[in-house]
Every structure is written in structure tokens, then in C-alpha cells.
Amino acid sequence: MNRILNLCILLVASQIFAVVSAKAQSDADLTQRWFNESLYNPAAAGNSFTTGLFLHARQQWAGMPSAPSTQAGTFDTYVETINSGFGFTFSADKIGPTKSYNARLAYAYYFAFGSRSSLSLGLSAGLLSRNRNVSNSTIDDQNDPAWLLGNASEMSPDFDFGAEYRGLFKLGATVRHIGVQASSNNLPKYSTNIWVYASSRFNATSSFSVEPIASLTYRDEIYRMEGGLLCYFFKTQGRDTYNDRFWLGGVYRSDSNFAVMAGMNITPKIRLGYSFDYGAGEVMNISKYGTHELFLAFQFNRIFYKDELCPAYRNSNAARKRR
């Protein structure tokens, strides 16, 4: 078992090295994915060791007609008796008359990696639907490419694979949109892409903690780096991050885009977050009102740290021998 775990970590580390070695450019993702890694990584399904519903809404380049918008949600749960996480993810993207819908089922298996850490491997499978409908569009310029291309609709299978380590730090990697077929109707392209991320949370005082975050993304030979810091205030008990009263943070991306985040726990089981993205250079000419994103999470039956042991470990052979 230890050899398998070491091999998995080696694979994740090699992926990070491959991305670091490349030139950093741009890639797009939801800003507040840091609070819901399962949105992109199937290995993160159930990683809160609870049952949870996560909702995201993003309006990009506010004030621009037909600007891109995204709505996404995940539902996941952890089943301790079989060391497994299960999840369902749905997302909808719209750019003018073009829409994309993606629905996937995810499964993750958790290996105990010590008594307070875990390593999970995950796989998701689903469908990606893309369509363009110009029938009801009002386009002043009849030479607009979308108008000339006309209506179209396609559907393709979609698979993701990922790994995630959680302990004193968090390290994850996922390969997304495996097997998506190329469009034959000039619909949005969804090529295979990679997201690698890392973070670690430190308690500065009994009521304040900080979490450095960093990620590297790749798609269509374009790379983007992101780094930032999240600050959590007025923690009420133990290491349970979902008992923080509120948080503030910010990230900077290598495409000269930066974002600020803020949020609060309305109750121990309901949390609300908001982020504002603003770009420099050419992005400022597209929209001076930035990009806005809302995040809402409902979490129930939290079991992690109930007895200061990772659930994957409590159900492992090592834990049984100690009993």
C-alpha cells in the first residue's frame, strides 16, 4: 500500500514539474474554486468529509453586451464505511448565442496517509453539450461570424481524472475534458486541460489563520500561474475551517488579472462568498466594471476532526490494529 501511495505522489509531483517548466500565460477558471475543488477535480469529491451543495454564479466583463456568464454547482458526499467520495457536477456557460452544458458523475477513493492525512484518486464521466442558436438573436451587423454560421448543436462524452493529497498541506492535480470530440460546426472548443494547485493553512493566533494558495493551469498550449493569500478571522473551534466567521483574500494571475475575495459563514452549515476580478491592459478596454462572482455552500454532517483522525484512517487496517 505504501508503494502505491508513494507512486501516486510521484505522479502528481511530476505533473507539477512539467507545468512549472513551461511558459506562464493565461487560462480561465472560476475564482472561488478554492472553496470547491470538486468543481474541477473528481478526486476532491467528498474532500470536506461531509455532504455538501456548492453553487457558483459568474458574470464576466460586466456592462458588455452578450458578455460570458457561468453558472455551476456540485453536490458531493463522503461514505466513511467504504473510504469513498461521490459527486455530481453541472455547469452552464453562455457567450452571446452560444451555450455549453456539462454534467458529470464523480467517484473518489481515499487512502489513509497517516492518521490525519489522506490521498484520493478520482474519475468523473459525463456529457458535454454545445449549441448555437441565432434564431432569436438581434445582430446589427449581418456579417457577425455567429450569425453567418447559423444554428448548430453537438454532444460529446467527457471524462476527468485527478489526484489530491490533504494533510498539513493540500496538493492536487487534475486532467479535464479527456475524450471531448472536436467540434465540426465551429462551436466552443473544449480541449484537454490541466489544473495543478497547492495550499497550506497556518494558525497565526487562536482566532486568525492564513492560507497561501498557488495554482498552474494549462490549455491549448497556454499556461497561467496564480498566487494569493486567504485570511480567516474569528475561528470558533479546533481546526474546522467551516467555523470561521469570515474571510478576506486576493490573488494575482500571470495574465495581469487580479481578484479580491470576501465571505462569511452565515451559520456553521451555510457560507456565502463574493469575488471581484479586474484585468489590466486590453481587458480594461473590454469592460471597466470587472467580473463578479457569487459562491453559496450548504454543508451537513461534517465528520472530519470529530476525533482528530481522518475518516479514511479511522476505517483503515492500521486503525483497526490500534483498537
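Residues in the stretch 272-323 that are assigned to a loop (DSSP other than H, G, I, E, B), more than 30 Å from residue 67 (Cβ to Cβ), at pLDDT below 65 and not acidic (Asp, Glu): 302, 303, 304, 305, 306, 323. For residue 185, the conditions (1) part of a strand (DSSP E or B); (2) closer than 28 Å to residue 94 by Cβ; (3) free of Cβ contacts under 8 Å to residues at least 60 places away in the same chain all hold with the exception of (1).
Looking at the stretch 209-232, which of its residues are over 13 Å from residue 251 (Cα atoms), touching a strand residue (DSSP E or B) at 6+ places or on another chain (Cβ under 6 Å) and at pLDDT 85 or above? Those that are over 13 Å from residue 251 (Cα atoms), touching a strand residue (DSSP E or B) at 6+ places or on another chain (Cβ under 6 Å) and at pLDDT 85 or above: 209, 210, 217, 218, 232.
Entry remark, the stretch 56-74: residues being buried (at least 17 other Cβ atoms within 10 Å of the Cβ), touching a residue at least 24 places away in the same chain (Cβ under 8 Å) and not polar (S, T, N, Q) number 5 in total. Scanning the stretch 188-202 for residues that are in contact (Cβ under 8 Å) with a residue 12 or more places away in the chain and in a strand (DSSP E or B) returns 193, 194, 195, 196, 197, 198, 199.
For the stretch 75-109, the set of residues classified as more than 29 Å from residue 57 (Cα to Cα) and in contact with a Lys or Arg (Cβ under 9 Å, 6 or more places away or on another chain) consists of 80 only. Scanning the stretch 1-51 for residues that are at pLDDT below 50 and in a helix (DSSP H, G or I) yields a count of 19.
Considering 191, 156, which residue is hydroxyl-bearing (Ser, Thr, Tyr) and exposed (fewer than 15 other Cβ atoms within 10 Å of the Cβ)? The unique qualifying residue is 191. On the stretch given as the stretch 37-55, residues that are in contact with a Ser or Thr (Cβ under 7 Å, 6 or more places away or on another chain) and farther than 15 Å from residue 108 by Cα total 1. Screening the stretch 52-113 for strands (runs of 3 or more DSSP E) wholly inside it with 3 or more residues that are closer than 18 Å to residue 32 by Cβ returns the ranges 69-79, 84-95.
Taken as a whole, the condition of being modelled with pLDDT under 75, surrounded by fewer than 21 Cβ atoms within 10 Å (Cβ to Cβ) and either out of contact with any Leu (no Cβ under 8 Å at 6 or more places or on another chain) or polar (S, T, N, Q) (or both) does not apply to residue 269.
Residues that are in contact with a Phe, Trp or Tyr (Cβ under 8 Å, 6 or more places away or on another chain), crowded, with 16+ Cβ neighbours inside 10 Å and closer than 21 Å to residue 263 by Cα do occur in the stretch 75-96, at least one of them.
The values are calculated or read from the model by the stated rules, or taken from the named source; none is laboratory data. These numbers were taken from a predicted model, which means no experiment stands behind them. Please note: Cβ atoms are built from the backbone with ideal geometry, for glycine as well, and neighbour counts cover all protein chains shown.
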